[in-house]
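Here's the structure we're looking at; comments come further down.
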Amino acid sequence: MAAPPDAEVSSALSLELLPTDPLLLILSFLDYRDLVSCCYLSQRLNQLSSHDPLWKRHCKKYWLISEEEKNRRNQSWKAIFTSTYSDLGRYIHCYATLKKAWDDLEKYLGQWCPRMISSLKESAREEDLDAVEAQIRCKLPDDYRCSFRIHNGQKLVVPGLMGSMALSNHYRSEDLLDIDTAAGGFQQRLGLKQCLPLTFCIHTGLSQYMALESVEGRNKYEIFYQCPDQMARKPSTIVMFITGTSYLEWFTSYVNEVVTGGYPIIRDQIFRYVHDKKCVATTEDITVSVSTSFLPELSSVHPPHYFFTYRIRIEMSKDALPEKTCQLDSRYWKITNAKGDVDEVQGPGVVGEFPIIGPGKVYEYTSCTTFPTTSGYMEGYYTFHCLYYKDRFFNVTIPRFHMVCPAFKATNPNESAVDEDRDSTGTDDSRDRHRVLDFPAPSGCCSCHT
């Protein structure tokens, strides 16, 4: 007598009759949450979902655990995943991203800025972060907490982990604050209400802040530099130059610039000059490239005064003939602001020097300019003369490079935000004129040459 159709279907779909290998293959595509859920469906799925190789992928994906680390711990993959989850489970959505950023940064620093490695602090404990939340009566974002579970910021030293800048007698180097120091600088005053400092420069007192609540026109977890609004009716009104929308985005984008060589290493420090790959021009055997940076601590919105610094690299090809050796005589700049106003500057040498460029030789220097608008660009040329043919003069093109200040907005102590028209500000003619100042390559505090 034939079995009823329902019985045949039930028998065909029974987990007990399915071979192990296909089931393990199916389970290997599940996320860790679904893999855990399988433990409660049947005895066989409970056994299969505990198959250790299934947890290897999750350990690597979420916790970046390597084979070497597993061998050192002498635990199974599942045990490692479980124990790590019990400690860091609330950060599983961002831990791998932040851990990779920290690992990449440490590897890079070890090669290029080794003395900075010793300034990094060990991880903060979960209870330390909870205590800070209780102290400031504000919740810390998970990505911020997660980063500090990896490294609790940095000692207050120079150079700072978050980048340096130097010109004339102005020097800035920002440390990434540890959690206790950051909590000590937590702000409740008007203009910076419920803002936590992330960085600090011991030379200038400059900090980048993170908003822990959406108050005074800020978005929650927005990161910014603050500068006073000198023309505001309320002294507590500040202007925020936005540097990030979340801690995760802010930190990982900075690390990416560092480890990909976007920021130059100068005298064992990370300098925050951004190089646009299009800002390169070659004339005969000489190549000129430019990187730029906005300095919020020397800028203001009201009155409009936007301060930029740029670093220029002049290099002669190593394949050039020796008789191509030449000396820089003068410079010419054409400077255009966002309103279309043009200023021209011409003068002898650069930073008071007349560098000689030969095959394979490089000369670099730092200079700065201010704009009455939020953006502008510069272009020009250097005039050189040959040392072997003294009557031969020629111009070397300086590529056009643009400077744009970060997005900004003003706070309002009455909780309403005021968005700024980025290019609507104006000044009288006497203040509209550019000032171009030359300084030698940064090395802490450098002397000024005007």
Accessible area in square angstrom per residue, the chain, 1.4 angstrom probe: 48 Å²
Cross-link pairs LYS139/LYS193; LYS78/LYS107; LYS193/LYS409; LYS334/LYS361; LYS107/LYS277; LYS107/LYS278 - those with Cα-Cα distance over 21 Å: LYS78/LYS107; LYS334/LYS361; LYS107/LYS277; LYS107/LYS278
Spin-label pair CYS39/ALA134, simplified geometry with 7 Å Cα→Cβ offset, distance in nm: 3.1 nm
In Hz, Karplus ³J(HN,Hα) per residue of the stretch 267-284 (6.51, -1.76, 1.60; θ = phi - 60°; x = Gly, Pro): 6, 6, 10, 8, 9, 8, 9, 9, 9, 8, 4, 7, 7, 9, 9, 10, 10, 6
Per-residue ³J(HN,Hα) for the stretch 390-397, Karplus 6.51 cos²θ - 1.76 cosθ + 1.60, θ = phi - 60°, Hz, x for Gly and Pro: 5, 8, 9, 10, 8, 9, 10, 5
Between helix 77-88 and the chain: long-axis angle, C-alpha atoms, 0 to 90°, nearest 10: 60 degrees
Amide H contacts under 5 Å for GLY376, placed H, 5+ residues apart: MET403
Residue-level accessible surface for VAL215, protein heavy atoms, 1.4 Å, Å²: 20 Å²
The stretch 292-332: trypsin sites (Lys or Arg not before Pro) in DSSP loop, at most 11 other beta carbons within 10 Å: LYS318
On Cα atoms only, tilt of 95-112 relative to the major axis of the chain in degrees: 40 degrees
Relative contact order for the chain, counting Cα pairs under 8 Å that sit 6 or more residues apart, in percent: 12 percent
Förster-model FRET efficiency, 35 Å R0, VAL215 and ASN256, C-beta, rounded to 0.05: 0.70
Which label in [x] 1.13; [y] 0.99; [z] 1.29 gives the computed Cα Rg over 2.2 N^0.38 Å: [z]
Karplus-derived HN-Hα couplings along the stretch 244-254 (A = 6.51, B = -1.76, C = 1.60, θ = phi - 60°), whole Hz, x at Gly and Pro: x, 9, 7, 4, 4, 5, 4, 6, 5, 5, 5
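Under a Cβ-only charge scheme (Lys and Arg +1, Asp and Glu -1), can you give me the dipole magnitude of the stretch 284-386 about the Cα centre, in debye to the nearest 20? Walk me through the numbers before you get to the answer.
On the way: 8 positive and 13 negative charges, 35 e Å.
That gives a dipole near 160 debye.
In debye to the nearest 20, how big a dipole does the chain give about its Cα centre with +1 on each Lys and Arg Cβ and -1 on each Asp and Glu Cβ?
Approximately 520 debye in magnitude.
Compare the peptides 59-69, 178-188, 383-393 by average per-residue count of other Cβ atoms within 10 angstrom and give them in order, highest first.
Averaged packing, sorted descending, gives the order 178-188, 59-69, 383-393.
The values are calculated or read from the model by the stated rules, or taken from the named source; none is laboratory data. Bear in mind that the values here come from a model prediction, so they are computed numbers and not experimental data. Neighbour counts run over all protein chains shown; Cβ positions are idealised from the backbone, glycine included. We work out accessible area using only protein heavy atoms, side chains counted, and drop any ligands, DNA or RNA first. Shrake-Rupley method; radii C 1.70, N 1.55, O 1.52, S 1.80 Å.
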